[in-house]
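Notes to accompany the following structure.
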Amino acid sequence: MLNITDKTKCCGCSACFNICPKEAIKMEYDSEGFLYPKVDKNKCIKCRLCLKVCPIMERQMHRGMDVLKYGNNKNNRVLEVYGAKNKNVDEQLKSSSGGMFSIFANYVLEQNGIVFGASFDNNWKVVHKYIYIKEDLDVLRRSKYVQSDINITYKQAKQFLDEGKFVLFTGTPCQIAGLKSFLQKDYENLMLVDLICWQVASPLVWKNFLEENFNTEEINSIDFRDKTYGWDKSIMSLSLKNNIKYPKLPGLYNLLPKKIKIFLSLRKYALSYRKGCLSGLFSRPSCHKCSFKGDRYSDFTIGDLWGVKEILPIMYDKKGVSVLTINSQKAKDIFEKIKNNIEYKQISYDDMVKYNPAFISSAKSHPKREEFFKRFATMRDGCMDELRYGNYNYKRESLNKLISELLNEKPLIVKLFKKVIKQITAK
């Protein structure tokens, strides 16, 4: 029977939940806001399928072997690496990076296939879902800096595959490994695309951030990678139904020099959630010991081509540039069919990894992560007006202030002064 005692060994992929024949497993949120499986002992028939499909347990079982198995499937090696951009500029702009996901999705949808990916639900929770028409594609575009809830999408994908539908499933490496393990066999009509993932953030922190700062019913759109100042200087933004956009900028803002505007947008006007997310202040424990780095379990891997100015300066584009890795023969065959829609140039694996360490390395836990969740729990429970923590007392606080304090953010005037001095001395 599945029993999670070490949370670094559960990535929340939900393969166990999807495979259970008696629905004895539920995915429940822990105090930090991450999903973990909970087994109903009265329903469990001890079939051990949950243990068999757990991708982390499966990997540990074959530790030391050159080949890891998922059913009859071997994990994939990176065969080719490219810098890539979608030739359709509109799709490129609507994407977080260079627009590769849209290329893959269009290819599958044109064959009456099904596309799975992360989307917001009506309450702005991040969930996995599927679409089957191009008109719905935009809901799956763009990065969501929150761990998505897989729910029953593995079951749904299997049903479509068994019906002979062409299926594209996109997700984090652990989600792709979970699906591959759940299926227990190869499907020629399945295309797997994973992301260069650094870490995933707590859905509960995300929920609290929205509730503290906005009337969620008034939110019209959320963009974690707003390209107003360029793809490589993206900010997080939200727009409300009354045409107000966050972060709100003062009237004199547009009179400032461009470099100062960008500086302010990336510092002062960056929303606190994104700052905390990128720092790893509230990421999942398993992300710090990720089992899915290096070798891939997908056909394609996509992400940002950081370091493009050094690796491939001719490809630099403020609208976005992707890294694209081909990890299987199936991917090579598909790439031949779609490459006319892509501007691409091959690069070396070593160059890509040099500027994209998340491809092979786990994120380090933020040194104040434990303190964050202790104080966050007090804020969330709302049952105490004051809590003694360490050697000092503090009253219940806002999430925004908590994030800023723990990230040791300097006053804006100090940051601005340093920025000006740096520009002067650089001339």
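The values are calculated or read from the model by the stated rules, or taken from the named source; none is laboratory data. Nothing here was measured: the structure is a model prediction, and the numbers come from that model. Heads up, the Cβs are rebuilt from the backbone with ideal geometry, glycines too, and the neighbour counts pull from every protein chain shown. Accessible surface areas use protein heavy atoms only, side chains included; no ligands, DNA or RNA. Shrake-Rupley method; radii C 1.70, N 1.55, O 1.52, S 1.80 Å.
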Fill in the blank from the handout: Counting only residues in region 31-42 that are in contact (Cβ under 8 Å) with a residue 40 or more places away in the chain and either outside any strand (DSSP E or B) or small (Gly, Ala, Ser) (or both), the one surrounded by the most Cβ atoms within 10 Å (Cβ to Cβ) is identified as Phe34
Completion exercise
Selection over region 41-73 where residues are more than 21 Å from Tyr154 (Cα to Cα) and at pLDDT 90 or above yields a count of 5
Exercise for the section: Would you confirm whether any residue within region 207-215 is among the hydrophobic types (A, V, I, L, M, F, W, C), at pLDDT 90 or above and either within 29 Å of Asp149 (Cβ to Cβ) or surrounded by fewer than 17 Cβ atoms within 10 Å (Cβ to Cβ) (or both)? Expected result: yes
Exercise for the section: Test Ala363 against the criterion of being part of a loop (DSSP other than H, G, I, E, B) and of a type in the set (A, V, I, L, M), and give yes or no. Expected result: yes
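Residues checked against (1) over 16 Å from the mean Cα position of the chain (by Cα); (2) farther than 19 Å from Lys7 by Cα:
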site	(1), (2)
Tyr145	no, yes
Lys155	yes, yes
Gln175	no, no
Leu179	yes, yes
Asp186	yes, yes
Val193	no, yes
Pro203	no, no
Asn208	yes, yes
Practice task
Select from region 95-140 the residues that are in a loop (DSSP other than H, G, I, E, B) and of a type in the set (Phe, Trp, Tyr) and write down the one among them that is least open to solvent (accessible area, probe 1.4 Å).
Solution key: Trp124
Practice task
Any chance you could count how many residues in region 278-292 are open to solvent by less than 30 Å² (accessible area, probe 1.4 Å) and either in contact with a Gly (Cβ under 9 Å, 6 or more places away or on another chain) or modelled with pLDDT under 90 (or both)?
Solution key: 5
Problem - Selection count, region 1-26, where residues are under 23 Å from Lys125 (Cα atoms) and open to solvent by 40 Å² or more (accessible area, probe 1.4 Å) - result: 3
Exercise for the section: Filter region 299-310 down to residues that are within 14 Å of Pro357 (Cβ to Cβ) and open to solvent by 20 Å² or more (accessible area, probe 1.4 Å), then give me how many there are. Expected result: 2
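Condition check ((1) aromatic (Phe, Trp, Tyr); (2) under 30 Å from Gly307 (Cα atoms); (3) modelled with pLDDT under 90; (4) surrounded by fewer than 14 Cβ atoms within 10 Å (Cβ to Cβ)) across all residues:
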| site | (1), (2), (3), (4) |
| --- | --- |
| Ile222 | no, yes, no, no |
| Arg225 | no, yes, no, no |
| Trp231 | yes, yes, no, no |
| Ile235 | no, yes, yes, no |
| Leu240 | no, no, yes, no |
| Ile244 | no, no, yes, yes |
| Lys248 | no, no, yes, yes |
| Leu255 | no, no, yes, yes |
Problem - Any chance Ile360 is at pLDDT 95 or above, on the phi < 0 side of the Ramachandran plot and surrounded by 12 or more Cβ atoms within 10 Å (Cβ to Cβ) - result: no
Practice task
Provide a single number: the residues in region 335-371 that are of a type outside the set (Lys, Arg), under 30 Å from Leu406 (Cβ atoms) and more than 21 Å from the chain's Cα centre (by Cα).
Solution key: 3
Exercise for the section: Being assigned to a loop (DSSP other than H, G, I, E, B) and among the hydrophobic types (A, V, I, L, M, F, W, C) is the filter; apply it to region 1-30 and report the residue that is modelled with the lowest pLDDT. Expected result: Met1
Fill in the blank from the handout: For region 149-188, the count of residues that are free of Cβ contacts under 8 Å to residues at least 24 places away in the same chain and either open to solvent by less than 40 Å² (accessible area, probe 1.4 Å) or not in a loop (DSSP other than H, G, I, E, B) (or both) equals 2
